[in-house]
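Engineer: Let me begin by handing over the structure; questions about it come next.
The values are calculated or read from the model by the stated rules, or taken from the named source; none is laboratory data. Since this is a predicted model, take the numbers as computed values, not measurements. Ideal geometry is used to build each Cβ from the backbone, glycine not excepted, and the neighbour counts take in all protein chains shown.
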Amino acid sequence: MNPLKKLAGQTALYGVSTILGRVLNYALVPIHTSIFLESQYGKISDLYAYVAFFNILYTFGMETAYFRFASQKKYQSDQTAIYRSALTWVLLISFVVSAFLFWQAPTIAQWLGYAEDAHIIRWLAVIMLIDAFVAIPFAQLRLENKARWFVITKLSNLGLQVGLQLFFLLLLPQLMNPSAWFASEEGAISVSFVFLANLIASLATPFLLWPWLAKFRPIWDRRFIKPMLTYAIPILLMGLAGMINERIDIILFADLLPENFYPDKTPQQALGTYGASVKLSIFMLLAVQAFRYAGEPFFFSGAEDKNAPSLFAQVMHYFTVFSILILVAVSINVELIGFIFLRSEGFRDALYVVPFLLFGKLLYGIYINLSVWFKITDRTIFGTIIAGAGAVVTLVVNILLIPVLGYLGCAVASISCYFVMCIVCYYYGRKHYPIPYFFGPSIVYLIAGIGLIYLSFAVDLPSVLWKNGLNIGLTLLFALIVFLREKKNLQIYSKA
């Protein structure tokens, strides 16, 4: 099969779990924004931002290390030992960290400013332990190209989580007073139910992966543990730096935003509003995540092919074109999307930053493509250095601009970070693993797309119906032009 077709098919399958899962999750956004106060939604965003950091620590870069070692031909007879070694290390690290978090939950909750929520910290410790434990089995599914089982398991987890939240947030209040379970804020339903649903869904996941978990036996194979750790530690540091780039704005926002910066909101309420807008930028992250799931095994398995560089360049081109389509479609229609998903008007105050956030995620996707060179050449230290440079840019720009620009300061920090990372990664990649990227067509599409986005915001029609109709028309027109321009290349590669 043509490798581009294979990658597209795998990406589509992973995209099903990612996109449908997010659609299910997004069905909760209107419910959350109609039930919870902005300050409560800010708490959810804040706590899950910390979870994102800990998830990187828990997996310790072992997912990528497992891909690297298990995909090499010289280790084909050692697949089981590599799998068990990776999972043993992940389980050891995650158990120690979760035990500490569980023990110190009251102190941690007090430090975060959520003294009444020590039980949530304990739940998150268990959730992260389970999620780390199943990370390597999920990686094995990807390596074995068992995308369908991956999709079924992911969707089952997300479906259960969404169903439980619907029960807790909509049905339970009809049956009894929710405050009988957990203390609520200002008469509102407690956010504890969101985390409880996550906990129950996570507890169910290992049962769905039992055929792969049943093969696990703790081992300490020195042949693999040491070289895998040597490979994984830079990936870990890279992941932590990358998570600073992704989530530090959420953690810093309320502390850096001056009081009364937004006259009708406290900093915590503004955090909730910003967190809701970040949710809308997730459309781009969905594409990046689906591509990453399919791309990592694809890149590693094809690294030894003499045609790999030209193939990787084609992959970059089509990924970028597709991402630009998402950027244009969501940005032009952001007001309509915001109206659908953000039911309370106060949550829509930051919609104007969504195009900037989307562009930052687009650059992140480009960086994921560019980073292939140091992963397949075992120069992961470059990834750590590049991600570290991005983290410094993120921290500095957020600290400087959040007090001045508020929501927009976070978005500018994201763009600045990933732009720097892309430039540095591309520069060193040309020296160590040259790939003949062709960015010309993508730049043309991007400029045209930005022009359409500007036009959609500049044109003010008296009727909302006409405005939405114009925006949808512009989106379809842009997509048609891109398709017609790319049709010839698509036909050529489909016959290859």
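Engineer: Do we have Leu141 as closer than 20 Å to Leu28 by Cβ and either modelled with pLDDT of 80 or more or surrounded by 21 or more Cβ atoms within 10 Å (Cβ to Cβ) (or both) here?
Structural biologist: no
Engineer: Filter the range 144-168 down to residues that are over 16 Å from Ala201 (Cα atoms) and not basic (Lys, Arg) and give me whichever is surrounded by the most Cβ atoms within 10 Å (Cβ to Cβ).
Structural biologist: Checking each candidate, the answer is Ala147.
Engineer: Scan the range 462-485 and tell me whether some residue there is farther than 30 Å from Asp349 by Cβ, of a type in the set (Gly, Ala, Ser) and under 27 Å from the mean Cα position of the chain (by Cα).
Structural biologist: no
Engineer: Among the candidates Cys417, Cys422, which residue alone is in contact with a helix residue (DSSP H, G or I) (Cβ under 8 Å, 6 or more places away or on another chain), modelled with pLDDT of 90 or more and buried (at least 24 other Cβ atoms within 10 Å of the Cβ)?
Structural biologist: Cys417 is the lone residue from the list that is in contact with a helix residue (DSSP H, G or I) (Cβ under 8 Å, 6 or more places away or on another chain), modelled with pLDDT of 90 or more and buried (at least 24 other Cβ atoms within 10 Å of the Cβ).
Engineer: Another one. Mind listing just one residue for me: the one in the range 37-63 that is more than 15 Å from the chain's Cα centre (by Cα) and among the hydroxyl-bearing types (Ser, Thr, Tyr) and, of those, surrounded by the fewest Cβ atoms within 10 Å (Cβ to Cβ)?
Structural biologist: Per the criteria, the residue is Ser39.
Engineer: Considering Pro258, Pro206, Pro218, Pro234, which residue is under 24 Å from the mean Cα position of the chain (by Cα) and either modelled with pLDDT of 85 or more or outside any helix (DSSP H, G or I) (or both)?
Structural biologist: Matching residue, one of Pro258, Pro206, Pro218, Pro234: Pro206.
Engineer: Just to be sure before I move on: is Leu13 more than 21 Å from Arg222 (Cβ to Cβ), assigned to a helix (DSSP H, G or I) and at pLDDT below 80 in the structure I sent?
Structural biologist: So Leu13 passes the test.
Yes/no per residue for (1) modelled with pLDDT under 85; (2) in contact with a Phe, Trp or Tyr (Cβ under 8 Å, 6 or more places away or on another chain):
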site	(1), (2)
Pro267	no, yes
Tyr274	no, yes
Lys279	yes, yes
Leu286	yes, no
Ala290	yes, yes
Tyr293	yes, yes
Phe299	yes, yes
Asp305	yes, no
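Engineer: Among the helices (runs of 4 or more DSSP H) contained in the range 306-392, which hold 3 or more residues that are among the small types (Gly, Ala, Ser)?
Structural biologist: Where helices (runs of 4 or more DSSP H) fall fully within the range 306-392 and carry at least 3 residues being among the small types (Gly, Ala, Ser), they are 308-332.
Engineer: Pull out all pairs, ordered by first then second residue, where Cβ-Cβ is under 9 Å, the residues are six or more apart or on different chains, the first lies in the range 264-275 and is more than 12 Å from Ile251 (Cα to Cα) and touching a residue at least 40 places away in the same chain (Cβ under 8 Å), and the second is of a type in the set (Phe, Trp, Tyr) and in a loop (DSSP other than H, G, I, E, B).
Structural biologist: Gln269/Tyr262; Ala270/Phe261; Ala270/Tyr262; Thr273/Tyr262
Engineer: Does the range 381-392 contain any residue that is under 29 Å from Ile453 (Cα atoms), in contact (Cβ under 8 Å) with a residue 24 or more places away in the chain, over 21 Å from the mean Cα position of the chain (by Cα) and surrounded by 24 or more Cβ atoms within 10 Å (Cβ to Cβ)?
Structural biologist: No; the residues of the range 381-392 include none that is under 29 Å from Ile453 (Cα atoms), in contact (Cβ under 8 Å) with a residue 24 or more places away in the chain, over 21 Å from the mean Cα position of the chain (by Cα) and surrounded by 24 or more Cβ atoms within 10 Å (Cβ to Cβ).
Engineer: Okay, next question. Is it the case, given these coordinates, that Ile472 is more than 17 Å from Val321 (Cα to Cα) and in contact (Cβ under 8 Å) with a residue 40 or more places away in the chain?
Structural biologist: For Ile472, the condition - more than 17 Å from Val321 (Cα to Cα) and in contact (Cβ under 8 Å) with a residue 40 or more places away in the chain - is met.
Engineer: Also, I was wondering about something else. Report, ordered by the first and then the second residue, all pairs with beta carbons closer than 6 Å, sequence separation of six or more or different chains, a first member in the range 428-457 that is over 16 Å from Tyr367 (Cα atoms) and in contact (Cβ under 8 Å) with a residue 60 or more places away in the chain, and a second member that is among the small types (Gly, Ala, Ser) and not in a loop (DSSP other than H, G, I, E, B).
Structural biologist: Short answer, once both residue conditions are applied: Ile453/Ser331.
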